Amino acid sequence: MMHLICFHLLNDYSGSPKVLKMVLQGILDKGYRVDLITSKGGVLDELTGYANLKRVSYGYHFSANPVVTMFRYLGVQLYTFLIAFRYLFQKQTVFYINTLLPVGPALAGRMMGKKVIYHYHENAFVKGAFYKILATLMQKLAHKIICVSQYQRSFLDRKRGVCVIPNALPKEFTSRLHPDAEAAFGRQTILMLSSLKEYKGTREFIELANRLPQYKFVLVINDTDKNIDRYLKDNDLTFVNRGGVI
């Protein structure tokens, strides 16, 4: 039976670990063995009650100092690269790399002749040079790449072994949506869940809220109040009405 070895760098409450949680729940429910190697303190900690799930955790978080963040990142890559070799003599193991960032275990997997699958959530080509380098390595190392949209896939040079699987919403979320589409549309409420990264479009969303007061705009940000205040000040943006932390 397949043994899935899953690597994810930062276990927080952002989109990619939430999608990974749904993926792993489906795999675990089918009885497959999963080893999850990630940091502590996020949504993936909620994967409980599975006898076929094994965890390997480490401490990791971002720093306000980019140099410190890079050293921490490189340290985790070395750590997971070495951990990956515990599976050297285990058969039917598949390395599942969630996001571009865990490049260390992807390299180890290819060196050991394991099948390496990337779940490619971000679009590296709207980011900086570092992410573009990681995207190039992904296209060299992966046996298969799962993209989350056709648009995202269009930026890749590689065409073979690439598929598109759009992200889904969890059932506990969709079950609470308004069942009457016409009534829901009548609410005229526009919701966006995002981080503060520029390419996410938060600036444009806030501007739309200021220009279209006839609609209710709700922006849920995955960050601290301090960083939100700094972002608004640096970008000369204001909320029509600001709520608190959920």
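The values are calculated or read from the model by the stated rules, or taken from the named source; none is laboratory data. These figures come from a predicted structure and were not determined experimentally. Counting neighbours? That spans all protein chains shown, and the Cβs are built from the backbone with ideal geometry, glycine included. Remember, those area values only see protein heavy atoms, side chains included, never the ligands or the DNA or RNA. Shrake-Rupley method; radii C 1.70, N 1.55, O 1.52, S 1.80 Å.
Within region 144-170, residues that are over 24 Å from K21 (Cβ atoms) sit with their Cβ atoms under 7 Å from residues that are of a type outside the set (A, V, I, L, M) and open to solvent by 40 Å² or more (accessible area, probe 1.4 Å), at 6+ positions apart or across chains, in these pairs: F155/F125; G161/H143; G161/K144.
Checked against (1) of a type in the set (D, E); (2) open to solvent by less than 70 Å² (accessible area, probe 1.4 Å); (3) over 13 Å from the mean Cα position of the chain (by Cα), D29 passes all but condition (2).
Kindly check whether there is at least one residue in region 181-189 that is touching a Ser or Thr at 6+ places or on another chain (Cβ under 9 Å) and not in a helix (DSSP H, G or I). No.
Of the residues that sit in region 72-95 and are part of a loop (DSSP other than H, G, I, E, B) and among the hydrophobic types (A, V, I, L, M, F, W, C), which one is least open to solvent (accessible area, probe 1.4 Å)? Applying the filter and picking the extreme gives L88.
Each residue in region 1-45 was checked for being within 21 Å of L107 (Cα to Cα) and without any contact (Cβ under 8 Å) to a residue 12 or more places away in the chain, and 0 of them qualify. Taking region 143-160 as the range and being of a type outside the set (D, E, K, R), under 16 Å from E122 (Cα atoms) and not in a helix (DSSP H, G or I) as the test, the residues that pass are I145, I146, C147, V148, S149, S154, F155, L156.
For region 37-50, the count of residues that are over 17 Å from the mean Cα position of the chain (by Cα), buried (at least 16 other Cβ atoms within 10 Å of the Cβ) and not hydroxyl-bearing (S, T, Y) is zero.
For region 112-132, the criterion of being open to solvent by 40 Å² or more (accessible area, probe 1.4 Å), in a helix (DSSP H, G or I) and more than 20 Å from K200 (Cα to Cα) is met by no residue. Of a type outside the set (G, A, S), open to solvent by 70 Å² or more (accessible area, probe 1.4 Å) and in a strand (DSSP E or B): is that true of R55 in this structure? It is true that R55 is of a type outside the set (G, A, S), open to solvent by 70 Å² or more (accessible area, probe 1.4 Å) and in a strand (DSSP E or B). Listed by first and then second residue, the pairs with beta-carbon distance under 6 Å, at least 6 apart or on different chains, first residue in region 178-200 and charged (D, E, K, R), second open to solvent by 70 Å² or more (accessible area, probe 1.4 Å) and at pLDDT 80 or above, form an empty list.
Of the residues making up region 123-143, those that are farther than 18 Å from F95 by Cβ and free of Cβ contacts under 8 Å to residues at least 60 places away in the same chain are A124, F125, G128, A129, F130, Y131, K132, I133, T136. Here is the figure for region 97-111: residues that are on the phi < 0 side of the Ramachandran plot and outside any helix (DSSP H, G or I) total 5. Of all residues in region 96-111, those satisfying the criterion of being without any contact (Cβ under 8 Å) to a residue 60 or more places away in the chain, open to solvent by 20 Å² or more (accessible area, probe 1.4 Å) and not charged (D, E, K, R) are V103, L107, M111.
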